[in-house]
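The values are calculated or read from the model by the stated rules, or taken from the named source; none is laboratory data. Bear in mind that the values here come from a model prediction, so they are computed numbers and not experimental data. Because the Cβ atoms are built from the backbone with ideal geometry, glycine has one as well, and the counts that use them run over all protein chains shown.
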Amino acid sequence: MQNPPHRTARKIKKILGIDPGIANTGYGVVEAHANRLVSRGYGNIRTSPKTASELRLKHIYDTVTHLITKFAIESIVLEDIFFSKNISSAFVVGEVKGIVKLAAANADCSVTVYTPTQVKQAVVGYGKATKSQMEKMTQALLKLKEPPRPDHAADALALALCHARSYKVLQRRDKYMQS
């Protein structure tokens with residue numbers, strides 16, 4: 001008996017990039033067609049520091065769940081963030097990543113994590129690209145009239161683009177390997 005195909009084996013059409021943060025969680029939705037990538041929406045989930053952390057996390061969870069349903073998301077992409085100085089920020093970002101992963105699991109969406117260098121390499125072609133270069137290339141690849149704002153949304157769109165471009169290469173590799 002054959003093993004069932006892994007969830008990432010299906011063709012990904014709609015990808016939700018998430019730039020996690022407790023005060024600002026950026027999101028970007030990219031739809032991948034054969035050789036075309038289209039932005040379906042992007043923005044920022046804001047929470048107030050005056051609100052209890054558990055309620056802030058609930059708001060982010062509820063909004064991500066809504067986005068998954070609204071856009072029929074099939075795959076969620078997060079950035080693998082490294083913190084060397086502010087450990088308390090790392091814990092909070094980890095909590096946000098956890099609730100995003102929970103929302104994905106509840107919706108049967110795959111989750112993929114990329115490092116900042118991988119995102120820059122996939123979007124700009126250079127692993128040490130600047131923020132400005134990333135924004136301009138994201139704008140160009142998605143044929144947006146202006147660079148996406150705020151920064152968190154731009155980062156989220158770049159994550160979704162990275163996955164769309166990387167996924168196609170992985171899909172071709174898998175097809176080649178089966179031949």
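Structure notes:
- The residue pairs whose first member lies in region 86-115 and is within 18 Å of ASP155 (Cβ to Cβ), whose second member is in a helix (DSSP H, G or I) and of a type in the set (D, E, K, R), and whose beta carbons are closer than 8 Å, counting only pairs six or more residues apart or on different chains, are VAL111/LYS101.
- Selection from region 103-118 of residues that are closer than 20 Å to ASP80 by Cβ, at pLDDT 95 or above and part of a helix (DSSP H, G or I): ALA103, ALA104, ALA105
- Residues of region 68-97 classified as modelled with pLDDT of 95 or more, of a type in the set (A, V, I, L, M, F, W, C), over 15 Å from ASN24 (Cβ atoms) and in a helix (DSSP H, G or I), total: 2
A quick yes/no check of all residues on (1) touching a helix residue (DSSP H, G or I) at 6+ places or on another chain (Cβ under 9 Å); (2) loosely packed, with under 13 Cβ neighbours inside 10 Å; (3) in contact (Cβ under 8 Å) with a residue 12 or more places away in the chain; (4) of a type in the set (S, T, N, Q):
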position	(1), (2), (3), (4)
GLY26	yes, no, yes, no
ALA32	yes, no, yes, no
LEU37	yes, no, yes, no
GLY43	yes, no, yes, no
PRO49	yes, yes, yes, no
ALA52	no, yes, no, no
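- Checked against the criterion of being surrounded by fewer than 17 Cβ atoms within 10 Å (Cβ to Cβ), among the hydroxyl-bearing types (Ser, Thr, Tyr), without any contact (Cβ under 8 Å) to a residue 24 or more places away in the chain and closer than 21 Å to PRO150 by Cβ, region 68-85 contains not a single residue that satisfies it.
- Single residue of region 33-52 satisfying the filter (outside any strand (DSSP E or B) and closer than 19 Å to ALA158 by Cα) that is modelled with the highest pLDDT: ARG36
- In region 127-179, of all residues being among the hydroxyl-bearing types (Ser, Thr, Tyr) and modelled with pLDDT under 90, the one that is farthest from the chain's Cα centre (by Cα) corresponds to SER179.
- Taking the criterion of being out of contact with any strand residue (DSSP E or B) (no Cβ under 8 Å at 6 or more places or on another chain), under 20 Å from SER39 (Cβ atoms) and surrounded by 13 or more Cβ atoms within 10 Å (Cβ to Cβ), the residues of region 107-146 that qualify are LYS120, VAL123, VAL124, ALA129, GLN133, MET134, GLU135, LYS136, MET137, THR138, GLN139.
- So ALA154, is it in contact with a helix residue (DSSP H, G or I) (Cβ under 7 Å, 6 or more places away or on another chain) and either crowded, with 19+ Cβ neighbours inside 10 Å or farther than 19 Å from TYR27 by Cβ (or both): yes
- For GLU74, the stated conditions do not hold, so it cannot be described as acidic (Asp, Glu), under 26 Å from HIS33 (Cβ atoms) and in contact with an Asp or Glu (Cβ under 8 Å, 6 or more places away or on another chain).
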